[in-house]
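What follows is one structure encoded as structure tokens, with my remarks underneath.
The values are calculated or read from the model by the stated rules, or taken from the named source; none is laboratory data. All values derive from a computational prediction rather than experimental measurement. Here Cβ is always computed from backbone atoms with ideal geometry, including for glycine, and neighbour counts include all displayed protein chains. Keep in mind that these areas ignore ligands, DNA and RNA; they rest on the heavy atoms of the full protein, side chains included. Shrake-Rupley method; radii C 1.70, N 1.55, O 1.52, S 1.80 Å.
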Amino acid sequence: MNMPAKVKLVDVGPRDGLQNEKGQVPAEVKIELVHRLQDAGLKEIEVTSFVSPKWVPQMADNAQVMAGIERRPDVRYSVLVPNLKGLEAALSAPREHWPDEVVVFAAASEAFSQRNINCSIAESIERFAPVVEKARSAGIYVRGAISVAVGCPYQGEVPPEAVGEVARLMKAIGVQHAGVADTVGMGTPRKVQRAMEATLKHYDLADVSGHFHDTYGQALANTVACLEMGIWQYDSSSAGLGGCPYAKGATGNVATEDVVYLLHGMGIETGIDLDKLIDAGVFISDFLQRKPNSRAATALLNKRAA
Ligand code: HMG
Ligand code: MG
């Protein structure tokens, strides 16, 4: 077993977590969430997305949020871009507000590709090629997300070969990192490992991460399965916020609090202060008038109250 001694978590709560919220969350609240996450020790935060506001109205304040963040030199700030228009919008700001990293997102099923970005998988890769080129020549790191890598709400089963093929295409256009995403949270450990293995045929271990939604309660088991493969980078969402607007019924990403509790319990370092992280989750959950969707946060908050 090549279990990592340290793990890097990317909190995607401000983006994946909030993109599905019906009521508009003010930019100041999103900015405060980012500040609290970096205070808690997160070293990468997925802040927003430069997608069409007709498709995802919640992210329409992308530029305002990017401009409002007080940056730390040791934290990376990433944003989603679906096309050149999105990248150009992100780069139209003064340089100090540019993202450090952009995320292009393709799907491992044709049906999901059409629903999420209104084009085929091949068209999406063609669309990303100039995005990758422009971002990299501007010194911006490019991460790719492979959606529905272990199950699709429209197609059902997704074979690992389909995941490997998207990874191959992403690598060919210069995408530097592959995030394997269980968009609907349908995956179980062995299936997730097969999707990872298919991706690892094209990307090094250091350039692969897991992005698990927790709809079926499998995300922590899937994380442990990937830790056993040596994978040391994961996306998660503060307070378990979120869901994808084009994956009906899918709940949020696995809660960052739950992953941190798991990792620390296994003696794996994250650099994250769990108490401060819980406070960040309480902050955004209070705003949304709900309880944090994290078992570890709930348990530790109950303990605090007692
Ligand atoms: P389309 O309608 O085919 O594109 O959408 P279009 O080029 O015909 O443009 C339509 C309109 O949108 C035009 O405006 C464009 O200017 C505008 P109009 O002329 O009608 O006034 N537009 C834009 N505006 C702002 N920023 C842009 C942009 N692009 C076009 N970047 C498109 C295609 C890709 C734009 C659309 O489908 C889209 O924005 N999709 C994004 C969907 C999305 O954000 N999904 C959630 C994020 S992905 C996710 O959550 C999965 C992930 O977490 C991993 C996982 O869990 O699987 C990453
Ligand atoms: Mg997601």
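Hey, could you check the range 123-159 for residues that are assigned to a helix (DSSP H, G or I) and without any contact (Cβ under 8 Å) to a residue 12 or more places away in the chain and say which is surrounded by the fewest Cβ atoms within 10 Å (Cβ to Cβ)?
Checked the range 123-159; the qualifying residue surrounded by the fewest Cβ atoms within 10 Å (Cβ to Cβ) is SER137.
Among the residues of the range 177-195, which ones are among the hydroxyl-bearing types (Ser, Thr, Tyr) and either more than 9 Å from ligand 2 (Cβ to nearest atom) or assigned to a strand (DSSP E or B) (or both)? Give the steps one after another, and end with the answer.
Taking the range 177-195 and keeping what is among the hydroxyl-bearing types (Ser, Thr, Tyr), we get 183, 188.
Listed by number, the list holds a single entry, THR188.
Looking at the range 62-81, I want the residues that are modelled with pLDDT under 95 and have a partner that is polar (S, T, N, Q) and not in a loop (DSSP other than H, G, I, E, B) with Cβ atoms under 7 Å, at least 6 apart or on another chain. Which pairs are those?
none
Any idea how many residues of the range 10-51 are touching a helix residue (DSSP H, G or I) at 6+ places or on another chain (Cβ under 6 Å), of a type in the set (Gly, Ala, Ser) and not in a loop (DSSP other than H, G, I, E, B)?
The qualifying residues number 3.
Identify the residue in the range 54-84 that is more than 11 Å from ligand 1 (Cβ to nearest atom) and not in a loop (DSSP other than H, G, I, E, B) and, among all such residues, is most open to solvent (accessible area, probe 1.4 Å).
GLN64
Kindly check whether there is at least one residue in the range 233-244 that is open to solvent by 10 Å² or more (accessible area, probe 1.4 Å), part of a loop (DSSP other than H, G, I, E, B) and touching an Asp or Glu at 6+ places or on another chain (Cβ under 6 Å).
yes
Within the range 200-208, identify whether any single residue is part of a loop (DSSP other than H, G, I, E, B), open to solvent by less than 10 Å² (accessible area, probe 1.4 Å) and within 15 Å of ligand 2 (Cβ to nearest atom), and answer yes or no.
For the range 200-208, residues part of a loop (DSSP other than H, G, I, E, B), open to solvent by less than 10 Å² (accessible area, probe 1.4 Å) and within 15 Å of ligand 2 (Cβ to nearest atom): absent.
What tally of residues in the range 239-277 results from selecting those that are within 14 Å of ligand 2 (Cβ to nearest atom) and closer than 22 Å to TYR77 by Cβ?
9
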